[in-house]
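A short worksheet on the structure shown next.
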Amino acid sequence: MRKTWVLLPAIAAVISMGFVAQPAVSQERSVKIAGFGARSGVVRSFGVNTEAVMRAAADQINKSGGVKLGDGSMGKIEISFDDDRCNAEEGISVLRRIASTDAVVAVGPTCSNVAEPLFGILQKRVGDAGDSGLKMPIFTDTAIKGGLAQISDWAFRNVPNEAEMYQSLFVWLQKENPELKSVYGGVEEDFAHSRFTWHKVMKTKSGDAGYNVLGESKWLLADTNFTTQVREMKKANPDIIAISAHPFTTCGVLKEMARQKVKPKLLVGLTSSSSMETLNGCAEQAEGIIIPTSFAPVTPEAEMAAAAAARFDGSADLHSAAAWEIVMVLKDVMESQGIMAKADTVDADRAKVRDGLAALKTTKGLLGTIKRTDEGEALKPYVYVHAKGGNWKVLHDPGI
Amino acid sequence: MDDFLLELIYVVQSIVDGILFGTTYALIGIGFTLIFGVMHKLNLAYGAVSIGGAYASLMIFHLVPSPIVAYLASAVATGAFGYLVYLCCFRFLPLSNPLAPLMATVGAFLFIDEVIVHATNGMPEPYPSVFDEMIFFGEFGLRSDLLFVFAIGLISMLVLMYVLYRTRLGLAVRAVSQQPVAAELCGMSQERTNAITFVITGALGGVAGAMIGASVGVLSPLLVAPITIKGLIVTVIGGLGSIPGAIIAGLAVGAFENLFQYFRGVTERDMYVMLLLFLFLTFRPGGIFSSSIGRD
């Protein structure tokens, strides 16, 4: 019994040494990156994939040592991910919450209808003392509607430039198939991205490439009956039908086209439809549809990213693969800017990340070098894929 | 062909397509109206349950790849889900407070919708169809799958009418809906009748969900909200509690919807459908037919 009492101070000493030693362990700081996007609702797959890819990228960085901080120590990337349900109000609320934490940068959102108002609550121009907007750098992986990053100096995007992609695609199609003369559009009219892409991108770029644009049929995201729209397509009898819609209605329209025996010589689809969702819903009817995309597992890096995403139960596609590139770019920016990742340096770290991102002229991408514009947008390399035998296959690489 | 004649064919085509697709609205409307007739309560989870049952039937379809088996499985699964909704949203809730079951069904609607989203990641799932061709008569075409949907819808409605008006069970349902106290005194259990009503309407919703899946070719959580809204519109236009009203209103809403879309485009289509609803609420609040199943 007496021995036990003698041992107690020794045990206490050992325990206290443990506590004393703890600060040494916590020298390894964590660098927090806050992801957010749609992880519920009908576009849940986008958020699920983005989160998986972000975690996979962070895991790879952490395994190779982490991020080198401004004082020479190493920091581990810590990913969080919040659900904005593809809803503008929830997106703004999520961002405000993220801004109240010690996250140095936010990655998201999924939907353009969230990104547009969300960027609006950021400080418009850096250094404007009269603007009380949030000073939080946001790097967007998915919301693709054109020109959104120019809303704020704190907004950056790594989304493909659809205007360039479709311009290049229609010029290439014209060159490869000179006998095709006309284009007819099908557009999901109530979704910001698909609407913008048809009216401002596909329609104008196909016209610029010399096609006769015969008109367009419109439907809504939740529509279930496409007989009238497909009859309009049939009436127009175009050589090419360009469908600017997301997978659910793309499949509905393609199935209706098959029923009404509407067989254009070529089908062109929306960037977001170059996913497994489309093939899952209507592989047979989608056979041959051509879509420009900024991701396909055609390089060793892209293959590796796709495999890593799969290990985290995600799928690398046009949108989620951008999240991989973003995490890698952020690592480089954080190291070059020497962020400290301390509780009292959050604001300074955010400013450093913003400055670093704004200064970028090029970044490394999974398909090659990505050019950065002064407006915070990306000019990404891309390929044309087509649906073949239930898979997406690369049809042409305009970069070669 | 003469342009005017072609235009006329397209107009008729739009109306016919709408009527055929309207069968699914009618089936959903009947479900809403039957529950309202019996319990005087709206079950806003009904559309979600219908699509949920169709999703559940896909699991059976993967085991037994027959569309007919899938449709039957959808009816059975949705009947079971209907009973669960009754237990969760009505059976143990204070029905004297009209908000309690209403909000419970809103919660069930959101819950079922999100369960589907989480189970499928929101991905569209192909749904089997027995027929997938069009039958052409010159420029005029009929979708064989919609004809099938129409036929199944009609059969389901006839079966329902038979059950309601030719069986003891139907007698009990009508008795409880019209005079619950008297029915109870005559030995008809209100709770049992209510539960059976939920199972029957659930099965009907399962058929509707399967038919919607078959006609679209794909199931998606995106279907849940629109069919709920359409079902409610049909119920109001047809007259709360009126089964013939729900049938006529379902077909009419389908036809008007397509007609408005043909003439005014998809962006204005729903505005006109809503306008139709407001017109009915203002000038004929009892709907096309006055309630035939309702409490005195």
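What follows is calculated from the coordinates using simple rules that are stated; it is not laboratory data. All of these numbers come straight from a predicted model, not from anything done at the bench. FYI the Cβ positions are ideal-geometry reconstructions off the backbone, even for glycines, and counts take in every protein chain you see.
Structure notes:
- Hey, B:G238 away from every other protein chain (no Cβ under 14 Å) and either free of Cβ contacts under 8 Å to residues at least 24 places away in the same chain or buried (at least 24 other Cβ atoms within 10 Å of the Cβ) (or both) or not: yes
- Between A:E303, A:E325, A:E287, the distinction of being over 18 Å from the mean Cα position of the chain (by Cα) and of a type outside the set (A, V, I, L, M, F, W, C) belongs to A:E287 only.
- Test: residue in the range B:163-185 that is assigned to a loop (DSSP other than H, G, I, E, B) and under 21 Å from B:L95 (Cβ atoms): yes
- Residues (surrounded by fewer than 23 Cβ atoms within 10 Å (Cβ to Cβ) and hydroxyl-bearing (S, T, Y)) located in the range A:189-210: A:T204
- Test: B:R192 is surrounded by fewer than 24 Cβ atoms within 10 Å (Cβ to Cβ), in contact (Cβ under 8 Å) with a residue 40 or more places away in the chain and farther than 27 Å from B:D17 by Cβ: no
- Only one of the numbered conditions (1) basic (K, R); (2) within 15 Å of the chain's Cα centre (by Cα); (3) part of a loop (DSSP other than H, G, I, E, B) is violated by A:R55, and that is (3).
- Screening the candidates B:V236, B:V224 for the property of being farther than 17 Å from B:T23 by Cβ, in contact with a Leu (Cβ under 7 Å, 6 or more places away or on another chain) and assigned to a helix (DSSP H, G or I) yields one hit, B:V236.
- Condition met for B:M103 (away from chain A (no Cβ under 14 Å), surrounded by 14 or more Cβ atoms within 10 Å (Cβ to Cβ), more than 17 Å from the chain's Cα centre (by Cα) and without any contact (Cβ under 8 Å) to a residue 12 or more places away in the chain): yes
- Residue that is within 13 Å of chain A (Cβ to nearest Cβ), among the basic types (K, R) and assigned to a helix (DSSP H, G or I), where the choices are B:R192, B:R269: B:R269
- The range A:227-266, residues that are at the interface with chain B (Cβ under 9 Å from one of its Cβ atoms) and in a loop (DSSP other than H, G, I, E, B): A:Q260, A:K261
- Given (1) under 19 Å from B:A225 (Cβ atoms); (2) away from chain A (no Cβ under 14 Å), number of the condition B:Y86 does not satisfy: (1)
- Of all residues in the range B:110-157 being surrounded by fewer than 16 Cβ atoms within 10 Å (Cβ to Cβ) and either touching a Lys or Arg at 6+ places or on another chain (Cβ under 6 Å) or small (G, A, S) (or both), the one that is nearest to the other protein chains (Cβ to nearest Cβ): B:A119
- Those residues of the range A:282-322 which are crowded, with 17+ Cβ neighbours inside 10 Å, among the β-branched types (V, I, T) and part of a loop (DSSP other than H, G, I, E, B), in sequence order: A:I289
- Selection of the range B:1-59 for residues being hydrophobic (A, V, I, L, M, F, W, C), within 19 Å of the chain's Cα centre (by Cα) and outside any helix (DSSP H, G or I) yields B:L42, B:L44, B:A45.
- Condition check for A:G338: farther than 20 Å from A:L366 by Cα, crowded, with 24+ Cβ neighbours inside 10 Å and more than 14 Å from chain B (Cβ to nearest Cβ): no
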